[in-house]
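Notes follow the structure.
The values are calculated or read from the model by the stated rules, or taken from the named source; none is laboratory data. Small disclaimer: the values here were computed from a predicted structure and weren't measured. Virtual Cβ from ideal backbone geometry, glycine too; neighbours counted across all protein chains shown. The accessibility values were calculated without ligands, DNA or RNA, using every heavy atom of the protein model including side chains. Shrake-Rupley method; radii C 1.70, N 1.55, O 1.52, S 1.80 Å.
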Amino acid sequence: MTMEAGERESQSSRYRQIAEQIKRAIDAGSLPPESRLPSVRTLATQFNVSLTTALKTLRTLEDERYAVARPKSGFFVAARKLSVARVPARTEQARTVAPLDEQTELHLAMVGSDCRVRLDLANGDSSLYPVRKIGLLMRQMGYSKPALLGNTVKGTGYAPLKAEIARRAVDYGCNINADDILITNGCIEAISLSLRAALNPGDVVAVESPCYFVLLQMLRNLNLRVIEVEPGPEGYVDVERLTGLFRRKAVQAFLTICNVNNPLGKSIPNEQKAWIARQADENDVVIVEDDIFGDTAFGDRRPFPMRAFSPNAILCSGFSKTVAPGIRIGWVQSVNYMRKIASLKYTSTMGTSVLSQAAVAELLRSGGYDAHLRKLRRELARQIHQMRQAVLRYFPGGTRVSDPEGGYVLWVEMPSGALNVRALFLKARNAGIGIAPGHIFATDERYDRCFRLNAGFGWNDEVEQAIRQLAQWCQLSLNGPEQEPG
């Protein structure tokens with residue numbers, strides 16, 4: 001591990017240490033309810049840390065419901081101690097993802113369909129992307145290289161694009177051969193091909209919970225069973241429980257979004273990734289990694305994927321979250337399964353548009369992609385912050401909201417007693433507001449008080465009003481069913 005990586009991890013663990021110390025003081029009664037917590041500057045001075053680390057400490061206490069933020073007043077000890085919102089330990093019995101009930105099928109069909117306020121997707125407004133640049137590149141290459149359109153689509157992809165992907169991978173710890181890369185129709189196809197190549201029907205796959213709903217339904221369609229592993233107190237997957245499944249031979253694969261998880265927005269630290277990868281290799285567990293959000297991570301350095309710690313991990317990614325949602329250029333890299341993946345690709349979708357591949361390759365080669373990413377990350381961080389603050393401001397006490405490390409989305413957990421999110425989803429849709437209901441992110445009802453919000457379409461009065469409306473429905477439901485709107 002580099003010195004810089006070690007320093008970043010030291011800072012990360014430092015905020016957690018300070019937060020735990022303050023929590024112990026609250027639990028012991030040394031800091032009574034409603035008492036003011038130290039300011040960001042005071043905390044930074046007291047513990048000799050940066051202002052950023054101090055603020056992250058206070059935000060962590062807020063997320064774990066030990067503290068509340070009051071506009072222009074600071075942070076205060078919560079009126080009552082609430083435990084860290086972890087899902088109670090559940091059975092590790094493998095589940096078959098059940099067929100969708102009629103209402104859930106309706107919800108999934110509606111997520112992503114047109115509505116007035118777009119809070120339901122996991123991408124952004126077209127203004128965030130270099131769509132004009134990529135369109136210009138496609139037109140230029142269509143004229144200068146007509147064979148890109150006229151020739152048969154064959155092979156594993158456009159060689160210059162695969163070379164650029166391999167070159168960039170060095171920056172995030174992966175030494176990969178371009179010959180081991182196959183270009184796909186988006187990252188979802190890459191994941192599907194990988195699962196089909198590496199597993200057999202009936203095999204058991206560990207997934208992070210909450211789990212991106214498309215992946216859950218993909219596992220069902222492939223006749224694969226799942227074990228959902230809840231997050232630990234740090235916000236990412238419970239590593240000990242996960243690796244325990246590996247050692248007990250309870251799973252054959254781990255399907256992970258370890259960088260900027262969807263929907264929680266957290267990344268697993270490098271030390272934990274290395275441990276997971278080592279345990280997977282020692283116990284013959286296949287890691288299939290969805291790294292589609294890796295390039296959207298906030299900060300100066302892109303996080304390493306699991307593949308950086310094991311050459312056996314199958315790495316899937318793409319450009320629909322960074323270049324343009326409609327570009328649908330994904331890729332998969334595997335040392336052990338590439339022949340089978342390529343065969344499955346040829347007998348399913350055969351090939352991927354070469355002209356689009358060529359345009360993306362040129363964007364990467366010219367340096368335009370890196371310049372765009374710096375701007376995209378800054379804007380996403382700003383939009384996430386604005387929406388997160390609004391949720392904390394308008395929703396009733398006891399509401400928890402994630403603090404993403406990248407990407408587009410926030411995960412909201414309403415307080416105990418609030419209306420079922422299935423009802424909230426329908427109320428919102430009737431009002432022209434799209435959200436992603438929490439129950440589609442699990443095989444059971446454990447997230448019926450949760451939902452995912454998308455901040456990618458920017459912040460304006462209409463979005464703020466939509467957040468206030470969602471918060472009002474939540475508050476009314478806590479006041480009593482007789483006060484809920486019809």
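Restricting to the chain, what percent of DSSP beta bridges are antiparallel, rounded to 5? Intermediate results must be reported in sequence, preceding the final value.
Working: 26 of 43 bridges.
Counting DSSP beta bridges with both partners in the chain, the antiparallel share is about 60 percent.
What do you get for Rg/Rh over segment 354-446 if you use C-alpha atoms and the Kirkwood form of Rh?
On the way: Rg = 18.4 Å, Rh = 16.3 Å.
Checking Rg against Rh, the ratio lands at 1.13.
Per-atom-type breakdown for segment 194-325 gives carbon and sulfur 46% of the accessible area (1.4 Å probe, protein chains only). Taken about its Cα centre, the chain carries a charge dipole of about 800 debye when Lys and Arg each add +1 at the Cβ and Asp and Glu each add -1 at the Cβ. A crude spin-label estimate for the pair Val170 and Lys145, with each label 7 Å from Cα along the Cβ direction, gives 2.2 nm. Taking only the Cα atoms of segment 159-220, the radius of gyration and Dmax are 14.4, 38 Å.
Checking the Cα-Cα distances for Lys133/Lys321; Lys162/Lys273; Lys266/Lys427; Lys162/Lys340; Lys249/Lys345 against a 23 Å cut-off, the pairs over it are Lys162/Lys273; Lys266/Lys427; Lys249/Lys345. Averaging Cα coordinates gives a centre for segment 270-338 and one for segment 161-222; these two points are 8 Å apart.
Here segment 354-388 and segment 459-477 have alpha carbon centers that stand 30 Å from each other.
Over the chain, accessible surface divided per residue gives 43 Å², non-protein components excluded, 1.4 Å probe. In the chain, the longest principal axis of the Cα atoms and the axis of helix 51-63 are about 70 degrees apart. Against the main long axis of the alpha-carbon atoms of the chain, helix 3-28 sits at an angle near 30°. Over all pairs of different C-alpha atoms in the chain, the reciprocal of the mean inverse distance, the Kirkwood hydrodynamic radius, equals 23.6 Å. Beta bridges from DSSP with both residues in segment 241-357: antiparallel share about 35 percent, rounded to the nearest 5. Evaluated at q = 0.22 Å⁻¹, a Debye calculation over the C-alpha positions of segment 130-270 (equal weights, vacuum) places log10 I(q)/I(0) at -1.37. The C-alpha atoms of the chain define a longest principal axis, and helix 159-169 lies at about 40 degrees to it.
With distances taken between every two different alpha-carbon atoms, segment 304-372 has a Kirkwood hydrodynamic radius of 13.7 Å.
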